[in-house]
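The values are calculated or read from the model by the stated rules, or taken from the named source; none is laboratory data. Being a predicted model, the structure only gives us computed values, none of them experimental. Methodologically, a virtual Cβ is constructed for each residue, glycine included, from the backbone with ideal geometry; neighbour enumeration extends over all protein chains shown. To get the accessible areas, we keep the full protein, side chains included, count just its heavy atoms, and leave off ligands, DNA and RNA. Shrake-Rupley method; radii C 1.70, N 1.55, O 1.52, S 1.80 Å.
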Amino acid sequence: MPVPASTQWLTSYYFVRAGIAVAWVAAAVSVGRSVSPVAAALLVAYPAWDAAANLVDAQRSGGWRANPSQIVNAAISTVTALAVALSLGLSPHAVLAVFGCWAILSGMSQLATGIRRWNGGAQWAMVLSGAQSSLAGLFFLAKANDVATPGIMDVVPYAGFGAFYFLVSAVWLAVARARQASVEGTA
């Protein structure tokens, strides 16, 4: 099956998303369990970056009208960034509850985007990521109602898995494009 030309953009986009997620995880791990302004900034930045990335991808992938699930995801992520900023003043449990709601809703949007893009290649990883994000959201909500005090380290595995899925998609698309170029070069 030929690899669509649009995969060049998606390959680069997925590599960037993976790289930024890895950098976020590294920064969050360096902060550790401390409650600090850096941890707070990271918690707000994570959904804010997701919003910006979805808007850019939607625009580069046929425009905003052609990508409603990403526009919805960008809106959800923007509201989440604001809600995280507000919930930081309430409690760590409130922050994790906001992350839980975001993970569920953005996961469903990512799942819809992956299904819509299925023929573009490597979307199975995005579909899995969206489904896993929604399940992680349920876990976050349960943990937000737990006695133990949550922190940024509770979000690290979620971001790490996101990085993994973006990296898998990027590598999958890059390999598919290289194979196609190889076949076309020998034809």
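Conditions (1) within 21 Å of Ser34 (Cα to Cα); (2) in contact (Cβ under 8 Å) with a residue 40 or more places away in the chain, marked per residue:
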site: Ala81; (1), (2): yes, no
site: Val98; (1), (2): yes, no
site: Leu105; (1), (2): no, no
site: Leu111; (1), (2): no, no
site: Gly120; (1), (2): no, yes
site: Trp124; (1), (2): no, no
site: Gln132; (1), (2): no, no
site: Leu138; (1), (2): no, no
site: Met153; (1), (2): yes, yes
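For region 1-102, please list each of the helices (runs of 4 or more DSSP H) lying entirely inside it that holds at least 2 residues being touching a helix residue (DSSP H, G or I) at 6+ places or on another chain (Cβ under 8 Å) and open to solvent by 70 Å² or more (accessible area, probe 1.4 Å).
Values: elements: 7-31, 37-60, 68-87.
Output list reads 7-31, 37-60.
Matching residues to (1) farther than 18 Å from Cys101 by Cα; (2) polar (S, T, N, Q); (3) out of contact with any Asp or Glu (no Cβ under 6 Å at 6 or more places or on another chain):
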position	(1), (2), (3)
Asn145	no, yes, yes
Gly151	no, no, yes
Val155	no, no, yes
Gly160	yes, no, yes
Phe166	yes, no, yes
Trp172	yes, no, yes
Val175	yes, no, yes
Gln180	yes, yes, yes
Glu184	yes, no, yes
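For Ala85, indicate whether it is of a type in the set (A, V, I, L, M, F, W, C) and touching a Gly at 6+ places or on another chain (Cβ under 9 Å).
Working: of a type in the set (A, V, I, L, M, F, W, C): yes; touching a Gly at 6+ places or on another chain (Cβ under 9 Å): no.
Taking the combined requirement at face value, the residue does not satisfy it.
Hey, any hits in region 168-185 for a residue that's outside any loop (DSSP other than H, G, I, E, B), crowded, with 19+ Cβ neighbours inside 10 Å and free of Cβ contacts under 8 Å to residues at least 40 places away in the same chain?
No, the conditions are met nowhere in region 168-185.
Would you point out which residue out of Val72, Val95 is β-branched (Val, Ile, Thr) and over 17 Å from the mean Cα position of the chain (by Cα)? Talk me through it step by step, then tell me what you get.
Details: Val72 fails: over 17 Å from the mean Cα position of the chain (by Cα).
Just a single option satisfies the conditions, and that option is Val95.
Please state which of the following conditions Ser129 fails to meet, knowing it meets all the rest: (1) of a type outside the set (Lys, Arg); (2) touching a Gly at 6+ places or on another chain (Cβ under 9 Å); (3) over 20 Å from Ala45 (Cβ atoms); (4) open to solvent by less than 80 Å² (accessible area, probe 1.4 Å).
Of (1) of a type outside the set (Lys, Arg); (2) touching a Gly at 6+ places or on another chain (Cβ under 9 Å); (3) over 20 Å from Ala45 (Cβ atoms); (4) open to solvent by less than 80 Å² (accessible area, probe 1.4 Å), only one is false for Ser129: (3).
Would you check if Gly137 is part of a helix (DSSP H, G or I), within 17 Å of Tyr46 (Cα to Cα) and out of contact with any Leu (no Cβ under 6 Å at 6 or more places or on another chain)?
Working: part of a helix (DSSP H, G or I): yes; within 17 Å of Tyr46 (Cα to Cα): yes; out of contact with any Leu (no Cβ under 6 Å at 6 or more places or on another chain): yes.
Spelling it out, Gly137 is indeed part of a helix (DSSP H, G or I), within 17 Å of Tyr46 (Cα to Cα) and out of contact with any Leu (no Cβ under 6 Å at 6 or more places or on another chain).
Taking region 142-155, which residues are surrounded by fewer than 16 Cβ atoms within 10 Å (Cβ to Cβ) and outside any loop (DSSP other than H, G, I, E, B)? Walk me through how you get there before you give the answer.
Restricting attention to region 142-155, the residues satisfying the condition of being surrounded by fewer than 16 Cβ atoms within 10 Å (Cβ to Cβ) are 142, 145-149, 153.
If the condition is that a residue be surrounded by fewer than 16 Cβ atoms within 10 Å (Cβ to Cβ) and outside any loop (DSSP other than H, G, I, E, B), then Ala142, Met153 are the ones that fit.
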